[in-house]
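The values are calculated or read from the model by the stated rules, or taken from the named source; none is laboratory data. Remember, it's a predicted structure, so these values are computed and weren't measured experimentally. Cβ placement follows ideal geometry from the backbone for every residue including glycine, while neighbour counts extend to all protein chains displayed. Protein only, heavy atoms only, side chains kept; ligands, DNA and RNA dropped before computing areas. Shrake-Rupley method; radii C 1.70, N 1.55, O 1.52, S 1.80 Å.
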Amino acid sequence: MKKIVITCLKIFVIVLILIWMGVFVTDYFRARDEKEPLVCLSKDTKDTSKATYYECVSFGYKYFRYQDKETQETSYGFSAAFLKNEFEKKMEE
């Protein structure tokens, strides 16, 4: 009985990891095409006189969009949720 429970638990963890990898890869390619991710746990928009910063945090990663109001240039990115990117640092200044 104990062996069956451990086997089921292992299968569950493997399936969970495969689902996460599928969502991660899908969202990565959507970010490359300048689209928002499929899964977004929290959204945040910061607006200043110089720029607008949009962030969507998902399961361990985030999608962000930075638009400079002076030059009208837009930058998109995809990174780890716990790291600050260069645009977040610009918005804090």
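For the ranges 24-31, 2-9, 51-58, 76-83, what's the packing order if you count other beta-carbon atoms within 10 Å of each residue, average per peptide, and put the highest first?
On the way: 24-31: 15.4, 2-9: 8.8, 51-58: 18.5, 76-83: 13.0.
Averaged packing, sorted descending, gives the order 51-58, 24-31, 76-83, 2-9.
Positive end of the dipole of the chain, charges at C-beta (+1 Lys, Arg; -1 Asp, Glu), about the Cα centre: which of Thr7, Phe24, Thr71 has its Cα farthest in that direction? So the residue furthest toward the plus end is Thr7.
Give me the net charge of Thr71's neighbourhood, meaning all other residues with Cβ under 14 Å from the Cβ of Thr71; Lys, Arg count +1, Asp, Glu -1.
Cβ neighbours under 14 Å give a net charge of 0.
Dipole magnitude for the chain: about 720 debye, using +1 per Lys or Arg Cβ and -1 per Asp or Glu Cβ, origin at the Cα centre.
Over region 1-79, accessible surface divided per residue gives 73 Å², non-protein components excluded, 1.4 Å probe. Evaluated over the chain, the count of Lys pairs having alpha-carbon atoms less than 21 Å apart is 25 (only pairs 8 or more residues apart or interchain). Label sites at Thr48 and Gln67, each approximated as a point 7 angstrom past Cα along Cα to Cβ, lie 1.7 nm apart. Remark: the Asp33-Ser75 segment gains 14.0 nm on full extension, using 0.36 nm per residue and subtracting the alpha carbon distance. Note on Trp20 and Glu88: the extension gain reaches 21.9 nm, defined as 0.36 nm multiplied by sequence separation minus the Cα-Cα distance. When a 1.4 Å probe is rolled over the protein heavy atoms, the share of accessible surface on the chain that falls to carbon and sulfur comes to 61 percent. Over the chain, the reciprocal of the mean inverse Cα-Cα separation, the Kirkwood hydrodynamic radius, stands at 15.0 Å. With axes computed from alpha carbons, what is the tilt in degrees of helix 2-32 against the longest principal axis of the chain, rounded to the nearest 10 within 0 to 90? So the inclination is approximately 20 degrees.
By the beta carbon rule, with partners counted only under 4.7 Å, the chain holds these lone Cys residues: Cys8. Treating r as the C-beta distance of Leu9 and Leu41 and R0 as 30 Å, the FRET efficiency rounds to 0.75.
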